[in-house]
Amino acid sequence: MPVQPQGRDSGQSTETTAVSADAAAPPFPDADLMYIADLLPAGERQRYLDTREFLQSRVRAQSIDYWNREEFPFGLLAELGKRGLGGLQTDGTSKLFKGLMYVEVARADVSLSALVGIHNELIVGMINELGSDEQKRRWLPGLTAFTQLGAFALTEPEHGSDIAGGLATTARLENGEWVISGAKRWIGAGTIADFALVWARDVADQQIKGFIVETDRPGYAATKIANKIGLRIMQNADIVLQDVRIPEANLLPGATDFSKANELLRDSRAWVGWQGAGIQLAAFDVARSYSLQRKQFGKELASFQLVQQQLAEILGNASASLALMVQLARIQEDGKLEMAQAAMAKATTTRLARASVAMGRSLLGGNGISSDFEMGKLFGDAEILYTYEGSYEINSLIVARAVTGKSAFV
Ligand SMILES: Cc1cc2nc3c(=O)[nH]c(=O)nc-3n(C[C@H](O)[C@H](O)[C@H](O)COP(=O)(O)OP(=O)(O)OC[C@H]3O[C@@H](n4cnc5c(N)ncnc54)[C@H](O)[C@@H]3O)c2cc1C
């Protein structure tokens, strides 16, 4: 029987492990060779397993059509909200639990994991840590329930890697209102969010500050960026801010210079490190399942030595990435995480992810080219992980500066 794509005919649930039903049960059906899930306390472990099952059965296969059409699955978002994935930042669970949630969302769909990660780390996290009491009262209940969305608007058309020094969007305080002017690029959820957290330079003191800009304010215009090769479910936008007027109270009181925001950007780099691990588990799931079903020369692909070597390498990369992230979570829990460590984790797991999905793609042969068989989708998504939250090169420069004392940025 030919191997079936995961997408179109997939009203059926996808097994958590994605191992074909007629294969002899392998000793490690869930791919957790290093018993990482066992590190969670009992209560969190059960919630982790339940969420993983839900993501694999309700989100994974359904996401393929949305990805192909570049559409946002609002129904799936509501379900993620019901399972508490909008409130991971404030629900008091451990850093390891939060990280493993990010892994499992990425394992089911990388775009949704981008939304969940940005939402928790950069939207809920920023308002919770840097917002006023009134801002917290106004926004946190809807955000944590995932009935409201924010967009994190830092990057600009002319400034990406050099944004901290180059940011050109301006904020001017005028008669008790801030007037924001400029442009932003690549902003996730920019066309569907209730507000954008816009970073702009105060013309009075030249500091970069964070502002809540409701998306229905006159002068705010967002245009979807189409034809992306990855993260196609995420609605990234070009945003124009033409003299947008917001109340003075929309400034985040804790974000009156960039240093505090930088601390949260450090944590969000770590989140991409977890995504890098999750996408590799997804690649392993798809590659193992496919190689156990597809026959050539009268035998399953999984029985050929070269294919076995590739499967072992993908899982080895995924496990090394996970182990790195587990130690990062420990450091984070102790309040010791620094930018160089987060940058190293992000750069390393996304570099390995790129290698893993490339192996996975070739392992599926021609079917690896079609997103309907999932691997093509992962192949494109890995490129985004490698690029955003600081490109691979920029994160490498941060690490090398920390170990040489020399900055090589300019
Ligand atoms: C799908 C997607 C989603 C995104 N989501 C968001 C979002 O929600 N919010 C947001 O604010 N931003 C978002 N971004 C922006 C993202 O963070 C930037 O794309 C990223 O930081 C790189 O910036 P750039 O694209 O301007 O590339 P550039 O800065 O122009 O870099 C181009 C190349 O030059 C290299 N380079 C640059 N400077 C140096 C140097 N000094 N030394 C060596 N190499 C260098 C880079 O590594 C890269 O390879 C998103 C991007 C994408 C693609």
*Of the numbered conditions (1) open to solvent by less than 50 Å² (accessible area, probe 1.4 Å); (2) away from the ligand (no atom under 16 Å from the Cβ), V203 satisfies every one except a single condition; which is it?*
(1)
*List the number of the failed condition for T349; all other conditions in (1) touching a Ser or Thr at 6+ places or on another chain (Cβ under 7 Å); (2) of a type outside the set (A, V, I, L, M, F, W, C); (3) touching a residue at least 40 places away in the same chain (Cβ under 8 Å); (4) within 16 Å of the ligand (Cβ to nearest atom) hold.*
(4)
*asked:* Could you check region 36-82 and list, in sequence order, the residues that are crowded, with 16+ Cβ neighbours inside 10 Å and assigned to a loop (DSSP other than H, G, I, E, B)?
replied: I36, L40, A61, Q62, E70, F72, P73
_Let me confirm something: among L173, L143, which residue is touching a residue at least 60 places away in the same chain (Cβ under 8 Å) and either open to solvent by less than 30 Å² (accessible area, probe 1.4 Å) or more than 15 Å from the ligand (Cβ to nearest atom) (or both)?_
L173
_Considering only region 165-175, I want to know if a residue exists there that is in a loop (DSSP other than H, G, I, E, B) and at positive phi._
yes
*Please find, among Q148, Q56, the residue that is farther than 22 Å from Y220 by Cβ and either within 16 Å of the ligand (Cβ to nearest atom) or of a type outside the set (K, R) (or both).*
Q56
*Filter result (open to solvent by 50 Å² or more (accessible area, probe 1.4 Å), more than 30 Å from D109 (Cα to Cα) and of a type outside the set (K, R)) within region 206-245*: Q206, Q207, P218, Q242, D243
*Quick check: is even one residue across region 117-124 closer than 20 Å to R232 by Cα, buried (at least 20 other Cβ atoms within 10 Å of the Cβ) and more than 16 Å from the ligand (Cβ to nearest atom)?*
no
_Failed item in (1) modelled with pLDDT of 95 or more; (2) in a helix (DSSP H, G or I), with L264 passing the rest_ = (1)
*How many of the residues in region 345-385 are β-branched (V, I, T), open to solvent by 10 Å² or more (accessible area, probe 1.4 Å) and farther than 21 Å from R266 by Cβ?*
1
*Taking into account only those residues within region 280-336 that are within 23 Å of L378 (Cβ to Cβ) and assigned to a loop (DSSP other than H, G, I, E, B), which is most open to solvent (accessible area, probe 1.4 Å)?*
R294
*asked:* For region 111-152, give me each residue that is in contact with an Asp or Glu (Cβ under 8 Å, 6 or more places away or on another chain), of a type in the set (S, T, N, Q) and either at positive phi or part of a loop (DSSP other than H, G, I, E, B) (or both).
replied: Q148
_Selection count where residues are more than 16 Å from A237 (Cα to Cα), at pLDDT 95 or above and open to solvent by 60 Å² or more (accessible area, probe 1.4 Å), scope region 148-167_ = 2
*With respect to L306, determine if the residue is more than 27 Å from the chain's Cα centre (by Cα) and aliphatic (A, V, I, L, M).*
yes
*Looking at region 353-400, which of its residues are more than 16 Å from the ligand (Cβ to nearest atom), over 19 Å from the mean Cα position of the chain (by Cα), of a type outside the set (G, A, S) and in a helix (DSSP H, G or I)?*
M359, R361, L363, N367, I369, D372, F373
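The values are calculated or read from the model by the stated rules, or taken from the named source; none is laboratory data. Remember, predicted model here, so these are calculated numbers, not experimental data. Methodologically, a virtual Cβ is constructed for each residue, glycine included, from the backbone with ideal geometry; neighbour enumeration extends over all protein chains shown. Side chains included, ligands, DNA and RNA excluded: accessible areas come from the protein's heavy atoms. Shrake-Rupley method; radii C 1.70, N 1.55, O 1.52, S 1.80 Å.
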